[in-house]
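Read the figures in this text as sums done on the coordinates, not as results from a lab. Because the structure is predicted, anything quoted here is derived from the model rather than measured. Neighbour counts are summed over all protein chains in view; Cβ atoms, including those assigned to glycine, are modelled from backbone coordinates with ideal geometry.
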Amino acid sequence: MALTRYGELRNQLMRQTFPSVFAPVVLRDAESNYVPIPITERLVQCIWYDQRLNLDSLQTTDGRRVRVIFQGWWNLEAGPDFRHATIQFDDEPEHTGNVEVHLRAEDWIHHGHERDPQFNDVILHVVLWDTGSHRHLPRTRAGQIIPQVALQRQLDTPLDQLHDEIDLDAYPHNVGNHHGQCASVLRGLKKDSIGALLDAAGDERFATKMRRFARWIHRAGPEQAFYEGWMEALGYKANKRAFRTLAQRVPIAELQDHGSGVRAAILFGVANLLPTTILKSRDPQVKRLWNAWWKLRPEFEERILPAQSWRFDGLRPANHPHRRLGAAVALLKKHSNLMEKVIGAVESDGNPAKFFTEIRDDYWSRHFTLGGKTQPREGELVGASRSREIVANIVLPFVAAYAEETGHAALAESARAEFARFPAAPSNNILRLASGQLFDEPLAARRIAKTARQQQGLIQVFQDFCLNDKSACHQCQFPELVKRWAKP
């Protein structure tokens, strides 16, 4: 059967671009004509997710018995393919960590994982084919050998049949066969009762964030605590820690003693994000920052972040650390008293999100990176959706914590009330994972969790129970909690 013109072009391009990854496999039936089947890494991920393996006899490539207690949560972001898996080798204690999936054993080296710290916690390398060569043994950056399972002869069904049975487009959220034991328990609850349970869990998550801000306020004062909070939020998931560390090394009180141009140089310099090719750069912004930074550098030398603090892979261009830090500079320039403004907005039932959406910058509104290409259209530095997330996760719990610390009961109640009615955010990976685990239908959570409070409750349940359960649901206590919740 001939490939389509599209298929031929796709295969040519894939082989050129990813020679070590894409190589369609031809499965041949000895008694008849054969049909070529492209075996992709995603198919192997699906096989692992569904555990379509001879589990009773599963072995590593060096002959150790493997018991898969939990295959892990499918990771759609940068890093290993599955997180929080629990595996046992022979009679050893159970290991909890990450699982990486490849077509071939040598792909671990071809993809550079042995140099990537994100893969230090991998406890199992799952491949479809193994050459048997010791040259291809997967190792961490520290040189530790990682156990490896080759699936080729350990599948519960022939590979061509698995290819035909598995709907790649449905994974990981719409498969419908990966929900936990709690799904049957929740099915018996009324929608209002589930909503009330999620409200209570959301309030617990809010209280946890309040306690966190209370500790920060005690340590560094309210203005610094709030500054660290919104800086961390600008780092998104990939660079939260780096942004908060930067905020700690360059405190808000110190920045306020300088003009906006000097602030930018200090932040970019201490962040270690200034381009090193200054002499070749024609970008006036880069030159301005360097002209200010080289004078300031001796004062801040000991505070500069290591280059490896930052993650750049797997990010949308608009979320590049350069641009997010540019947004921070613009926010400081626009709102010198940001903490007072957000407190006032919560107190007066206003809209604190506007303080994050209304900022702009002549340079960063049209650039993703320092010295990068100028974009034809201006873009928001902090979009409306992200601003609402900052309000729900940072502003409201901070204001509530600050109000309690200062004895302002009415303000604390206003912050809690605003959180209770705050609209739901767009779905994300953890919400989809939680929904697929807790409910029979993948879209059930979208119908039930109508507010940010209930979404936060869903995340709280997922983190309290799903991520802490290492028994593949068999010993999870959440179903018991639901039963007790349902009792009068």
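Below, the figures for the structure above:
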| read-out | value |
| --- | --- |
| Residue pairs, from the table K240/K341; K209/K295; K295/K341, whose Cα atoms sit over 32 Å apart | K209/K295; K295/K341 |
| Sequence ranges 241-250, 451-460, ranked by mean other-Cβ count within 10 angstrom, highest first | 451-460, 241-250 |
| Which of V250, C46, Q88, positive extreme of dipole for the chain (C-beta unit charges) | V250 |
| Within the stretch 23-170: Cβ-based charge dipole about Cα centre, in debye rounded to nearest 20 (Lys, Arg +1; Asp, Glu -1) | 500 debye |
| Within-11-Å neighbourhood charge of R244 [Cβ basis; K, R +1; D, E -1] | +1 |
| Packing rank of 328-336, 135-143, 299-307, where each peptide gets the mean count of other beta carbons within 10 Å, highest leading | 328-336, 135-143, 299-307 |
| Where labels lie 7 Å past Cα in the beta-carbon direction, separation of A78 and T157 in nm | 3.6 nm |
| Qualifying aspartates and glutamates (Cα of each under 19 Å from Cα of K191; at least 8 residues distant if same chain) | D199, D203, D440, E441, E480 |
| Computed [θ] at 222 nm, deg cm²/dmol, the chain (DSSP H ≥ 4; -39,500 (n - 2.57); rounded to nearest 500) | -13500 deg cm²/dmol |
| Per-residue Cβ neighbour rank within 10 angstrom, fewest leading, H102, H320 | H320, H102 |
| About the Cα centre, charge dipole magnitude for the chain (Lys/Arg +1, Asp/Glu -1 at Cβ), debye | 1580 debye |
| Radius ratio Rg over Rh of the chain, counting only Cα atoms, Kirkwood formula for Rh | 1.01 |
| Isotropically averaged projected area of the stretch 343-388, using the convex hull of Cα atoms (one quarter of hull area), nm² | 3.9 nm² |
| Relative exposure of S385, S414, judged by other C-beta atoms within 10 Å (fewest first) | S385, S414 |
